[in-house]
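Okay, so here's the structure we're looking at.
The values are calculated or read from the model by the stated rules, or taken from the named source; none is laboratory data. Keep in mind that this is a model prediction, so the values were computed, not measured. Neighbour counts run over all protein chains shown; Cβ positions are idealised from the backbone, glycine included.
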Amino acid sequence: MTTQALAHLSNNAIYSATIVYALAMLAHMAEWAMARDLTSETAPTPRPLVATAAGGATAAGPLRRELASSGSDDDEDVERSDRFGRIGLGLTVLALLIHTVAVVSRGLAADRVPWGSMYEFSITSTLAVAVAYVFLVRRYQVRWLGLLVTGFLVTVLGIAVLVLYRPVGPLVPALHSYWLAIHVSAAATAGGAFTVGALASVLYLLRSRLEATARAHPDAPRRGFLWSTPSAEAIDRLAYRVHAFAFPLWTFAVLAGAIWAQYAWGRFWGWDPKEVWAFITWVAYAAYLHARATAGWQGRAAAYVALLGYATFLFNFVGINLFGSGLHSYSGM
Amino acid sequence: MALRPPSDRPADFARPPDEAFVSSEPTEAGPSPAPMSPGPPARPGAPALRPPELARWSWRQLTSMRTALILLFLLAVAAIPGSLIPQERVDPSAVTIWTDKHPALAPLFERVGMFNVYSSVWFSSIYVLLMVSLVGCIVPRLRVYLRAVRARPPKAPRNLSRLSAYDTWSSDEPVALLTQRVRELMQAQRRRVEVYDAADSVVVSAEKGYLREAGNLLFHLALLVVLVGVAVTGLYGFKGSAAVISGQGFSDTLIQYDEFTPGARFDVANLAPFSFTVKDFNVSWKSSGAGQGTPLTFDANLSVTDHPGAAPYSYDLRVNHPLEVDQTSVFLVGHGYAPVVTVRDGAGKLAYSGPVIFLPQDNSFVSYGVIKVPDAAPDQLAFEGYFFPTASLCRGQPCSVFPDARNPVLSLIAYQGNLGLDSGASQSVYVLDKDNLTALKTTDGNPRALLLRKGQTMQLGKVGSITFDGYQRWVKLQINHAPGKVIPLVGVLAAILGLLGSLFIRPRRTWVRLRSVEGRTVVEIAALDRVSGGDPGAHVAEVAGRLRRAATPEHPTARRESDATNRAAADDEEKL
């Protein structure tokens, strides 16, 4: 295939992937909506995130078991909610495949790694988000993250297509180095994991508030999709695992960047705006890991710190790329 | 600093109190959570703190996790202004522009070090405090760890069945045989094993995951190594830069540098005696289509002589491809245009001829520069203005529409008078001191703008003439000497290794209690993780499966089943 054809394929695949993610998002919305009137009679039993040899993963939908005893109308709603959830996941996997085609063909068209501009970094790091999510669904049954994840993917890919798009182009000389593959792939993967971690933290905050309200009003009915997610504690644990995976990767990305900077510009660290914000993100997530081990900071406070870290990551990607100056001016904007 | 492994459970979980503690000081108030600072031990009516107590209390405060957390936040916040306000050390000209734009704020910002955030007192004090806090935390923990590293696995809790990961069964085999089997199994899994004999039972205690704390300590120590390494590199090295016009040479002597910042311990006499000539410099830009004008390549072809008398060799200097001579590195960091001009004075005598370095102002390579002609007589001459590589008109203003020199035009204003070079004060070659200079004006009194195309000569009346002969390119070179830069590199690798260890190694304790009851042996097994993320239940199932399989005679079906269980258990154990 010619370069032109590959670039064309990549563009079409990104449009398609965005649309399929949007359909998946709609399905997850329906999943939540179907569950809005469902009540759980008993306190929600924390669902284990890890399928043990004894427990095993059940194929049943999240609400089914808890509500099996409730009336037939509810049963129907549970069934429908679960069906939409499964449709959402199926569409997400389909979109992920198309998305992969888009990123790979973009790289082939450019004959290099597909992360040389802001548009390319966007489509690659969102792929990392989607892969991380599907992996976590397989391993820890986190389909309850589906709405947030697909919503995020649609938003970012939409912005990438509408605002950030740049045609396939050559790399500026500063990026002619194998360090580009090492430094940026680590940053993109870490960014993808930070995203999933942040979404899990958001859900944790919602769920823990729900549980706090329920504790305050033990007699109030427990309605809605959120009651079918695992307990706040289990979500928090998942968020921690994802962050604990992302943090060393981010550390590596920053340090690999420093080594590359020494090689390209003759200094490890020069307080370039991008470097400053990478450092701030690193410090914020380091604070998150420490907060989890500090009395009075566990739980909600730590989750807010994680979200703060994510905000600094986003600012570095959006704010510094678009409005900042400095040596990392590769956005193509 | 807060060195505690980020754990999901309270710190004193299944650990002797001293190990759970960050501070080496025991608290008076019993088992309060470790990182919680106990606060000044002053109660109402109690006498005030005496200095030693105060000092100890302050030290404990400083090395507490909470303080470390606050310092981390402060560090993050303090780093922000430096990314928004131009920094002297990153881009001095941007600071000048900013200062001109904000005359009211600038003096205040100057005073609080806003243009030098990362070397300011307040930024430095935050990270110095963080480092002190870190050291104050590492040292006691290192001591604790060194003690713990040889520690034997602890005795079993009295009631194993209370642990969530628990299994029990009875066996025909004698206690001694089972003890041996458990011990071998645990050792094969590289667990540390200790057998405790009690009156009525034997307990095999096993523990794994001592390296988590080692990784944690290694990570934090490695951070110090990185910082020390960078400091040492700066102390014994230097940073410099030089602009070299294509065709000209550079030798590593102080006078050839435009900027030179030696470390405190660097002796200028130690400059490596290398030299090189920039034989030619090639640059290309994308000439059409999307992204037109983005740079594609730039590389300089050098002829290098390592030391006087050595045979010269050629070297292709590019971004990401620096030249290394004697631990001194030469980096290609920028380039620009040097218009070649010939200036004759009023008498028609040749006063200057050659290239003059102009500084690029933006991506279109519109370049600003100053031409000083001290040899012109009777008045000295000077020119100030812009070089447009591909000149055009944009909204009535001259501009450059492409970075390459497709239509080079020089736009200058001429001055005559005294350049002020004799005063002895040093002058930048890029700045014109106009105190004793007057601009040549047109008849209507405005400064006369000279527009020169390549090859054109402009007569300046009786004052002289200027010819724009063409242009050459120059390269901006960053020249650094960084001895011992391998130290931070080693630190970086160690930090990542330590971080991985501290996040992914999960300490786990396993106990197997064997009791002889009415001729049979009752086996109890339990496991406990000291950090979350693992699945001790799967581990217990796996160990129990193996022990039972070893006990029962070989049975093909049973064996296959238990293999499957073991595989599943092993899979689970690999999970995050």
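Is at least one residue of segment B:93-101 aliphatic (A, V, I, L, M), under 27 Å from residue B:259 (Cβ atoms), surrounded by 14 or more Cβ atoms within 10 Å (Cβ to Cβ) and out of contact with any Asp or Glu (no Cβ under 7 Å at 6 or more places or on another chain)?
Yes, segment B:93-101 has at least one match.
Being closer than 22 Å to residue A:129 by Cα and surrounded by 21 or more Cβ atoms within 10 Å (Cβ to Cβ) is the filter here; which residues of segment A:18-39 pass it?
Result: A:18, A:20, A:21, A:24, A:25, A:27, A:28, A:31.
Could you tell me whether any residue of segment A:228-239 is buried (at least 21 other Cβ atoms within 10 Å of the Cβ), under 30 Å from residue B:81 (Cβ atoms) and of a type in the set (Ser, Thr, Tyr)?
no
Assess whether residue B:494 counts as being touching a residue at least 24 places away in the same chain (Cβ under 8 Å), farther than 30 Å from residue B:259 by Cα, among the aliphatic types (A, V, I, L, M) and within 14 Å of chain A (Cβ to nearest Cβ).
So residue B:494 passes the test.
Would you pick out the residues in segment A:158-194 that are without any contact (Cβ under 8 Å) to a residue 24 or more places away in the chain and farther than 26 Å from residue A:12 by Cβ?
A:173, A:176, A:178
Could you list, ordered by first residue, the pairs with Cβ atoms under 7 Å in which the first is in segment B:234-255 and within 13 Å of residue B:473 (Cα to Cα) and in a strand (DSSP E or B) and the second is of a type in the set (Val, Ile, Thr) and at pLDDT 90 or above, at least 6 apart or interchain?
B:243/B:357; B:244/B:278; B:244/B:475; B:245/B:357
Which ones in segment A:116-155 are in a helix (DSSP H, G or I) and of a type in the set (Gly, Ala, Ser)?
Within segment A:116-155, A:122, A:125, A:128, A:130, A:132, A:146, A:151 qualify.
Can you tell me how many residues within segment B:110-136 are of a type outside the set (A, V, I, L, M), more than 11 Å from chain A (Cβ to nearest Cβ) and crowded, with 19+ Cβ neighbours inside 10 Å?
3
Determine whether residue B:560 is over 30 Å from residue B:251 (Cα atoms), at pLDDT below 65 and away from chain A (no Cβ under 14 Å).
Yes.
Pairs under 8 Å by beta carbon, first residue closer than 13 Å to residue A:166 by Cβ and modelled with pLDDT under 90 in segment B:277-295, partner of a type in the set (S, T, N, Q) and not in a strand (DSSP E or B), six or more apart or different chains?
Matching pairs, first to second residue: B:286/B:292; B:286/B:294.
Give me the residue from segment A:62-88 that is among the small types (Gly, Ala, Ser) and not in a loop (DSSP other than H, G, I, E, B) and, out of that set, modelled with the highest pLDDT.
For segment A:62-88, the residue satisfying everything is A:88.
Of the residues A:78, A:163, only one is surrounded by fewer than 20 Cβ atoms within 10 Å (Cβ to Cβ), away from every other protein chain (no Cβ under 14 Å) and not aromatic (Phe, Trp, Tyr); which?
Of the residues listed, the single one that is surrounded by fewer than 20 Cβ atoms within 10 Å (Cβ to Cβ), away from every other protein chain (no Cβ under 14 Å) and not aromatic (Phe, Trp, Tyr) is A:163.
Would you confirm, using the coordinates I've provided, whether residue A:287 is more than 7 Å from chain B (Cβ to nearest Cβ) and not in a loop (DSSP other than H, G, I, E, B)?
It is false that residue A:287 is more than 7 Å from chain B (Cβ to nearest Cβ) and not in a loop (DSSP other than H, G, I, E, B).
Being out of contact with any Ser or Thr (no Cβ under 8 Å at 6 or more places or on another chain) and within 10 Å of chain B (Cβ to nearest Cβ): is that true of residue A:261 here?
Here the answer is no, as residue A:261 does not meet what is asked.
Kindly indicate the residue of segment B:432-488 that is within 14 Å of chain A (Cβ to nearest Cβ) and polar (S, T, N, Q) and also surrounded by the fewest Cβ atoms within 10 Å (Cβ to Cβ) among those meeting that condition.
Looking at residues that are within 14 Å of chain A (Cβ to nearest Cβ) and polar (S, T, N, Q), I get B:478.
Can you tell me which residues in segment B:65-92 are among the hydroxyl-bearing types (Ser, Thr, Tyr) and at the interface with chain A (Cβ under 7 Å from one of its Cβ atoms)?
Within segment B:65-92, B:83 is the sole residue that qualifies.
Does segment B:394-411 contain any residue that is of a type outside the set (Lys, Arg), surrounded by fewer than 18 Cβ atoms within 10 Å (Cβ to Cβ), within 20 Å of residue B:245 (Cβ to Cβ) and without any contact (Cβ under 8 Å) to a residue 60 or more places away in the chain?
no
Only one of (1) polar (S, T, N, Q); (2) within 30 Å of residue B:250 (Cβ to Cβ); (3) in contact (Cβ under 8 Å) with a residue 40 or more places away in the chain; (4) touching an Asp or Glu at 6+ places or on another chain (Cβ under 8 Å) is not met by residue B:478, so which one is it?
Only one criterion in (1) polar (S, T, N, Q); (2) within 30 Å of residue B:250 (Cβ to Cβ); (3) in contact (Cβ under 8 Å) with a residue 40 or more places away in the chain; (4) touching an Asp or Glu at 6+ places or on another chain (Cβ under 8 Å) is unmet by residue B:478, namely (4).
From (1) hydroxyl-bearing (Ser, Thr, Tyr); (2) assigned to a helix (DSSP H, G or I); (3) at pLDDT below 80, pick out the condition that doesn't hold for residue B:37.
The failed condition is (2).
Show the residue pairs that are 6+ apart or on different chains and have beta-carbon atoms under 8 Å apart, the first residue being within segment A:312-333 and under 16 Å from residue A:271 (Cα atoms), the second being at pLDDT 70 or above and surrounded by fewer than 17 Cβ atoms within 10 Å (Cβ to Cβ).
Qualifying pairs under 8 Å: A:325/B:91; A:325/B:94.
For segment B:493-540, give me each residue that is more than 19 Å from residue B:219 (Cβ to Cβ), buried (at least 18 other Cβ atoms within 10 Å of the Cβ) and of a type in the set (Lys, Arg).
B:508, B:509, B:513
Does any residue in segment A:244-264 that is among the small types (Gly, Ala, Ser) come within less than 7 Å, Cβ to Cβ, of a residue that is surrounded by fewer than 21 Cβ atoms within 10 Å (Cβ to Cβ) and assigned to a helix (DSSP H, G or I) six or more places away or on a different chain, and which pairs are these?
A:253/A:186; A:256/A:179; A:256/A:182; A:256/A:186; A:264/A:174
Restricting attention to segment A:268-284, which residues are under 21 Å from residue B:335 (Cβ atoms) and more than 7 Å from chain B (Cβ to nearest Cβ)?
Result: no residue meets the conditions.
Right, residue B:306: more than 14 Å from chain A (Cβ to nearest Cβ), at pLDDT 90 or above, surrounded by 13 or more Cβ atoms within 10 Å (Cβ to Cβ) and more than 24 Å from the chain's Cα centre (by Cα) or not?
In short, yes.
Test residue A:303 against the criterion of being under 20 Å from the mean Cα position of the chain (by Cα), facing chain B (nearest Cβ under 7 Å) and either in a helix (DSSP H, G or I) or of a type in the set (Lys, Arg) (or both), and give yes or no.
The answer is no for residue A:303.
Quick one: in segment A:195-223, of everything that is in contact (Cβ under 8 Å) with a residue 40 or more places away in the chain and out of contact with any helix residue (DSSP H, G or I) (no Cβ under 7 Å at 6 or more places or on another chain), which residue is surrounded by the most Cβ atoms within 10 Å (Cβ to Cβ)?
Checking each candidate, the answer is A:214.
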